[in-house]
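Each value in this text was obtained by applying a stated rule to the coordinates, not by laboratory testing. Fair warning: this is a prediction, and the values are worked out from it, not measured in the lab. Note that each Cβ is placed from the backbone with ideal geometry, even for glycine, and that neighbours are counted across all protein chains shown.
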Amino acid sequence: MSGVTVRVPAKVNIQLAVGGARPDGFHDLANVFLAVSLFDEVTVVPAESLTVTCTGPDAAQVPLDGTNLAARAATLLAERHGLAPDVHIHIAKDIPVAGGMAGGSADGAAALLACDVLWGTGSSRAELLEICAELGSDVPFSLAGGAALGVGRGERLTPLEVGGEFHWVFAVADGGLSTPAVYGEFDRLTAGTGVPAPEASPALLEALRAGDAAALGAALSNDLQPAALSLRPSLSETLEAGLTAGALAALVSGSGPTTAFLVKDAQTAESVARTLLTSGTCRTARVASSPVPGALVV
């Protein structure tokens, strides 16, 4: 086989409930994921050694060494099957980099699936998800797609029913935010407050099942948002600009700094995106819909 290309979506956390820090440094989560129609494409071809290249917006920010999750995915799969991870991995980026939309995790899931097909290793879905969990908390959902509740550190998934299509605008900020730094700020802000155990919101899950955008907007939440705003106060202006432009609801996506705006339909999405672009509060604005499938060979 000459090469395999996998398309993989970004995600938005429509609820991110965060518990206190665990002894291992992670946090227990109730993390409701939606896969959205912004995609990276990852291509793997046989090579003399493991190499990574990347093109697309902000490609210069993507590590091309062994720390890249796509490279780590190839290495882990090869180790399980007694193979050498001799592939060239090319990442065509369209998911915002360091934007809280799981772009790196998506590339890891895509590379894992692509290498499994290229090498004919025939891994089961459960085996692939197990490797994904080893790679990172968001990687299993990038493989699965659709909508899911992630618990533990987010890697243990339960698929969720979605009763319709939801429309989004994502405002991409200048620069990134470090996920560990945002969690560290969360710990600082919540120190001594007795952080409750995270639970999925029944109202949010019902709105998702019903396909009710207004009800979903009323139930969106992100426990990391105060920490992200503390580290990047200018994001408050972006959130306000999107709401003023007609979004149903707004929140920081994951650990940020991308901000997510739920809107009532595709036409409103285009209008809100134009207003955000001219507001001077973000670098670019992207329109997307959800849910979409997870990693797929194309």
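When every Cα-Cα distance of segment 166-290 is counted in 5 angstrom steps from zero, the calculated P(r) takes the values 2, 12, 20, 21, 19, 15, 9, 3, 0, 0 percent.
Among the GluC sites (Glu not before Pro) in segment 148-193, those placed in a DSSP loop whose Cβ has at most 15 other Cβ atoms within 10 Å are Glu161, Glu165. The ratio of the alpha-carbon radius of gyration of segment 72-149 to the globular-protein estimate 2.2 N^0.38 Å is 1.07.
Treating each Cα of segment 9-55 as one equal point scatterer and applying the Debye formula with no solvent, the log10 of I(q)/I(0) at q = 0.16, 0.23 Å⁻¹ comes out as -0.73, -0.83. Among the chymotrypsin sites (Phe, Trp or Tyr not before Pro) in segment 1-51, none is located in a DSSP loop while being surrounded by at most 12 other Cβ atoms within 10 Å of its own Cβ.
Counting neighbouring Cβ atoms within 10 Å and putting the fewest first, the residues Cys282, Cys132 line up as Cys282, Cys132.
Order of His27, His90 from fewest to most other C-beta atoms within 10 Å?
On the way: His27 22, His90 19.
Arranged by neighbour count, lowest to highest, His27, His90 become His90, His27.
Over the chain, dividing the summed -39,500 (n - 2.57) contributions of all DSSP H runs of at least 4 residues by the number of residues returns a 222 nm mean residue ellipticity of -10500 deg cm²/dmol. Report the one residue of Leu77, Ala227, Phe141 whose Cα lies farthest in the direction of the positive end of the charge dipole of the chain (charges on C-beta: Lys and Arg +1, Asp and Glu -1; origin at the Cα centre). Of the options given, the answer is Ala227.
Treating each Cα of segment 4-160 as one equal point scatterer and applying the Debye formula with no solvent, the log10 of I(q)/I(0) at q = 0.08, 0.09, 0.10, 0.12 Å⁻¹ comes out as -0.21, -0.27, -0.33, -0.47.
With both residues required to sit in the chain, DSSP beta bridges show an antiparallel share near 85%.
Charging the Cβ of each Asp and Glu at -1 and of each Lys and Arg at +1, and nothing else, the dipole of the chain about its Cα centre rounds to 300 debye.
The smallest convex shape that holds all Cα atoms of the chain, its convex hull, gives 121 Å³ per residue.
Put simply, the C-alpha atoms of segment 146-209 give a gyration tensor, and the ellipsoid matching it has half-axes of 26, 20, 12 Å, longest first.
For segment 70-80, putting each phi into the Karplus relation 6.51 cos²θ - 1.76 cosθ + 1.60 with θ = phi - 60° gives couplings of 5, 5, 5, 4, 4, 5, 5, 5, 4, 4, 5 Hz, in residue order, rounded to whole numbers and with x for Gly and Pro.
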